Number of protein chains: 4
Amino acid sequence: MKDAYKKSPGRPRSVSSQRAMLKATLELLAEVGFEKMSMDAIATRAGIGKTTIYRRYANKDELVADAIESVREEIRVPDTGNLWGDMDALIENATQITLTPLGKQAVAMIISSASSNAKFARVYWEKYLLPRKQAFASVIERAKVRQEVASDVDAGLVFDTMSGIMLYALIFPPEEAWTDYIRRSLSLVLRPMPK
Amino acid sequence: MKDAYKKSPGRPRSVSSQRAMLKATLELLAEVGFEKMSMDAIATRAGIGKTTIYRRYANKDELVADAIESVREEIRVPDTGNLWGDMDALIENATQITLTPLGKQAVAMIISSASSNAKFARVYWEKYLLPRKQAFASVIERAKVRQEVASDVDAGLVFDTMSGIMLYALIFPPEEAWTDYIRRSLSLVLRPMPK
Amino acid sequence: MKDAYKKSPGRPRSVSSQRAMLKATLELLAEVGFEKMSMDAIATRAGIGKTTIYRRYANKDELVADAIESVREEIRVPDTGNLWGDMDALIENATQITLTPLGKQAVAMIISSASSNAKFARVYWEKYLLPRKQAFASVIERAKVRQEVASDVDAGLVFDTMSGIMLYALIFPPEEAWTDYIRRSLSLVLRPMPK
Amino acid sequence: MKDAYKKSPGRPRSVSSQRAMLKATLELLAEVGFEKMSMDAIATRAGIGKTTIYRRYANKDELVADAIESVREEIRVPDTGNLWGDMDALIENATQITLTPLGKQAVAMIISSASSNAKFARVYWEKYLLPRKQAFASVIERAKVRQEVASDVDAGLVFDTMSGIMLYALIFPPEEAWTDYIRRSLSLVLRPMPK
DNA sequence: ACTTAATCGAGACGGTACGTCCTGTCTTTAA
DNA sequence: TTAAAGACAGGACGTACCGTCTCGATTAAGT
C-alpha cells in the first residue's frame with residue numbers, strides 16, 4: 001500500500017515496527033479474539049508505542065483488517081484432471097485456512113461487523129473469497145468441457161453454497177469430519193451430467 | 001427453566017421489570033447493536049435500576065442471550081400439499097425473521113462470539129434453528145411420500161446447506177432478491193425425483 | 001427453634017430483635033466504623049430483616065445514635081473528700097469509656113457529623129457530657145467550700161477544657177500516659193486557692 | 001514530594017489538571033462535604049477525566065488528603081511585644097482558618113477517620129498543627145523573658161489545651177463569641193507570673 | 001557536518017462503560 | 001399485625017479500554 005514514489009523528508013516509518021505490530025495483532029486475535037484484545041496489549045507485545053500504530057491506522061478495525069489482509073497465502077488452481085480431485089483440493093485448502101484459531105476469529109469478526117462495518121467484509125471478499133470463487137469457476141468450467149457436470153451449472157451459485165455451508169459449520173460444527181461434511185453438501189449441488 | 005415448584009420467601013422478582021428489561025434490550029440491540037448498547041441505557045429505557053438487571057444476569061452477554069431467547073415465535077409446519085409451496089413458506093418465514101435489524105444483530109452476535117462464548121450459539125440453535133430443521137424434515141418427508149423428491153435426500157444436510165447460504169447472503173448480499181436467491185440455491189440441492 | 005410458648009399473636013420477638021440489632025450495631029461500629037458498616041451487615045449479624053430496623057429507625061444515623069445512647073453507664077459523682085481524688089475518679093471514668101474501640105468510633109462519628117447532622121452531637125451531649133459536666137460542677141463546688149480552689153473558678157469552662165484536651169488526645173495521642181496527660185492539663189486550669 | 005531528579009520518559013503529568021482537580025476537590029469539600037462529594041463531580045468540575053485523578057491517587061481519601069495538604073498558608077510568628085497581643089494574633093489566625101466551611105469539613109474528616117485512616121490526621125498535624133505549635137512556643141518563650149508568664153509554663157501542654165478547646169468549640173459552639181471563649185479558656189491556663 | 005523534520009517509545013489525557021456495593025423503600029410469605 | 005427475606009430504584013465507586021496528545025530521543029535525507 002506504499003505510495004508509488006517516496007522522497008519525503010524526516011525519519012522513515014520503521015519496517016520492523018510495522019511487522020511487529022501486525023504479528024502481535026494476529027497472535028492476540030487468535031488467542032483472545034477481537035473484542036478482548038486491547039490496543040495497549042498489542043503495542044506492548046510488539047514492543048512499540050501505541051502512537052506508532054495510530055499513525056498508520058485510524059482505529060482498531062483498520063489495524064486488524066490490514067493484519068488479516070497481510071496473511072495472504074497463494075491460492076493455486078488445482079488441476080488433477082478430474083472434477084472431484086480438484087474439488088477436494090479446494091475444500092482441503094479452504095478448511096485448512098478456516099479452521100485455525102486465527103481463521104475462526106477472522107471469520108467471526110468479518111461476519112460480526114458485516115452489517116455495521118463494511119471494511120472487514122470487503123477485505124475478506126477481495127483477498128479471500130474472490131480468488132477462490134475464480135479458482136472454482138475454472139475448475140467447474142474444465143469439468144463442463146470434460147462433461148463431468150451439466151453444462152447449465154451455475155458455478156457462482158455453487159461456490160456461494162459451499163461458502164455458506166462452511167460458515168454454518170464454523171458455528172455449528174458437524175458431527176462427522178469437516179471435509180466429509182462439505183464434500184457431501186457439495187455433491188448435492190454438483191449433480192453429474194445426466195446420461 | 002423455572003423450578004417446578006416455588007415458594008421461596010421474600011419479594012418475588014418483578015415480572016414487569018423483567019419484561020421491560022428484555023424489551024429495552026431488544027430495542028437497543030436492533031437500534032445500535034451489541035457493542036454500542038450500554039447497560040445504563042438499557043436500565044434507563046426500561047425504567048429500572050441497573051441492579052435489577054445484574055441480579056438476574058451476570059453480565060451483558062447473558063442478558064442479551066436471554067433477550068434473544070425470549071423472542072420465540074411459533075414455527076408452524078406449512079402444508080400446502082406441494083413441496084415448493086411448503087418450501088416457499090419456510091423460506092419466507094426464515095428471511096422475514098433474519099432480515100429485521102434485530103435479526104441481523106442477533107445473527108451477527110451469535111456468529112461473532114461463537115468460538116469464545118458458546119452461549120449465543122446454543123440459544124440460537126435451540127430456539128431458532130432446531131424447530132426449523134424439524135419443520136424442514138417433515139416437509140421433505142411428505143414430499144418423498146408424494147414422490148416429488150428422491151427418497152435418498154438427506155433432509156438434514158439440505159437444511160444445513162440452506163442455512164449456510166442464508167448466513168452467507170447475510171454477509172454478502174446477493175444482487176437479486178433474497179428469496180429468489182435462496183430459492184434458486186435450494187433448487188440445486190433439492191433435485192426432483194428422477195423420472 | 002424457640003416455639004416453647006406458642007400463644008403470641010402480637011410481636012413476641014420484638015424485644016429480642018431490638019436488642020440484637022443494637023448489639024450488632026455496636027459491635028460492627030467498633031470493628032469497622034460508621035462508614036464501612038452496612039445496614040445489611042447489621043441485619044445479617046443480628047439475624048433479623050432490614051425491614052425490622054427501618055421500621056424503628058428512619059436511617060442509619062438514627063439507629064447508630066440510639067445504639068450509642070443505649071450504652072449508658074451510670075455516672076456516679078465521686079466523693080473522696082479531696083479535690084484531686086474526685087478529679088482522678090472522673091478522669092479515670094472518662095478515659096475508660098472513651099478509649100474503647102467503640103468509644104473512639106462514637107466520638108469520631110459525633111465529631112465528624114457535628115456540623116451536618118446535629119443528632120449525634122445532641123445525643124452525645126445529653127447522655128454523656130451533660131451528666132459529667134454536672135458531676136464536675138458538684139465536685140468543684142465542694143472544693144470551693146473546702147477552699148481547695150479559688151472561689152471564682154468557672155467550673156463549666158474547666159470542664160470544657162478537659163473535654164477538649166481529651167478530644168485532642170484522641171486524635172493525637174500523647175506520648176505519656178493518657179490519664180497523666182489529662183491530669184497535667186487539668187492542673188493548669190484548676191489553680192489552687194491563693195494563700 | 002518530587003524526586004530530586006526527573007527524566008522519566010513519556011508525557012509528563014499535567015500541572016494544570018493537577019491544580020484543577022485539587023481546586024475542585026477543595027471547593028466541593030467545602031460545599032457538600034466529604035461523603036456527598038463524588039469523584040465524577042470533582043472530575044467534571046475540574047474539566048478532566050476521572051482517570052487522571054485515579055492515576056495520581058488510589059482513592060478518594062488520598063485525593064482529599066492531598067488537596068487539604070496543598071492548602072498551606074504561611075504561619076507568621078506574631079511579635080507585638082506583648083504576650084496577649086501575640087496570643088490574640090494566633091487565636092485570630094487559628095479561628096479564621098478553622099471556621100471556614102472548608103476548615104470545618106477538613107477538621108471533621110480528620111477527626112472522623114483518625115483511628116482508621118491515619119493519613120488525614122498526619123497531614124493535619126504536619127501541615128497545620130506543628131507550625132502553630134512552634135509559633136506558640138516562640139511567643140511564650142519571649143513572654144517568659146519579659147516575665148509576663150511563669151518560667152515553668154509548659155508551652156506544649158498549653159498549646160494542646162488550646163487546640164483541644166477549639167476542637168470542642170467546633171462541635172459544641174459556645175454561647176459567647178468564639179475568640180472570647182478561647183481567650184478566656186487560655187487565660188485560665190496561662191497564668192501570669194506570680195508577683 | 002549540519003540542519004531539518006518526521007518518526008519512535010513511553011505514557012498521560014478526556015471520555016465512556018463496566019460490574020460491584022450500599023441506602024432506604026417496597027412487596028411478598030409465614031406466623 | 002409484625003417479622004424475615006429479599007427485590008427494587010438510584011447513585012457512587014474504582015477499573016479498563018479507546019483514540020488523542022505531549023514529551024525527549026532517534027534517524028535518515030538534503031543541504
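The values are calculated or read from the model by the stated rules, or taken from the named source; none is laboratory data. Since we're looking at a predicted model, the values are computed, not measured. Glycine gets a Cβ as well: all are built from the backbone with ideal geometry, and neighbour counts include every protein chain shown. What goes into the accessible areas is simple: the full protein's heavy atoms, side chains included, and nothing from ligands, DNA or RNA. Shrake-Rupley method; radii C 1.70, N 1.55, O 1.52, S 1.80 Å.
Here are some notes:
- R0 of 56 Å, Cβ-Cβ distance residue A:70-residue C:59: FRET efficiency to nearest 0.05: 0.35
- Accessible area per residue was computed with a 1.4 Å probe on protein heavy atoms; residue A:55 scores about 130 Å².
- Pairs exceeding a 27 Å alpha-carbon distance, out of A:23/B:119; C:119/D:50; A:104/B:104; B:50/D:60; A:127/B:119; C:60/D:104: A:23/B:119; C:119/D:50; A:127/B:119.
- Put a dot 7 Å past the Cα of residue B:184, heading toward its Cβ, do the same for residue C:125, and the two dots end up 9.0 nm apart.
- Charged neighbours of residue A:31, selected by a Cβ distance under 13 Å, balance to +2 (K, R count +1; D, E count -1).
- Radius of gyration and maximum dimension Dmax of chain A, Cα, Å: 20.0, 71
- If you wrap region D:83-189 in the convex hull of its Cα atoms and look at it from every side, the mean projected area works out to 6.8 nm².
- Cα pair distances in the protein assembly as shown, grouped into 20 Å bins until the bin that holds the longest one, percent each: 12, 29, 23, 19, 12, 5, 1, 0
- Nearest-0.05 FRET efficiency for residue A:8 and residue B:38, computed from C-beta distance (R0 51 Å): 0.75
- Computed log₁₀ I(q)/I(0) - Debye formula, equal Cα scatterers, no solvent, region B:1-97, q 0.17 Å⁻¹: -0.82
- Normalising the average separation of contacting C-alpha pairs (under 8 angstrom, six or more residues apart) by the number of residues puts the relative contact order of chain B at 20 percent.
- Exposure rank, largest accessible area first [A:185, B:151, D:138; 1.4 Å]: B:151, D:138, A:185
- Position residue D:156: other-copy label points at 3.4, 8.9, 9.6 nm, ordered by increasing distance, label point 7 Å along Cα→C-beta.
- Multiplying the residue separation of residue A:137 and residue A:99 by 0.36 nm and subtracting their alpha-carbon distance yields 11.3 nm.
- Between residue D:77 and residue D:177, the modelled label-to-label distance comes to 2.9 nm, taking each label 7 Å out from Cα in the direction of the beta carbon.
- Proportion of all alpha-carbon pairs of region D:15-70 beyond 19 Å (%): 10 percent
- Carbon/sulfur fraction of accessible area - region C:14-70, other protein chains in place, 1.4 Å, %: 51 percent
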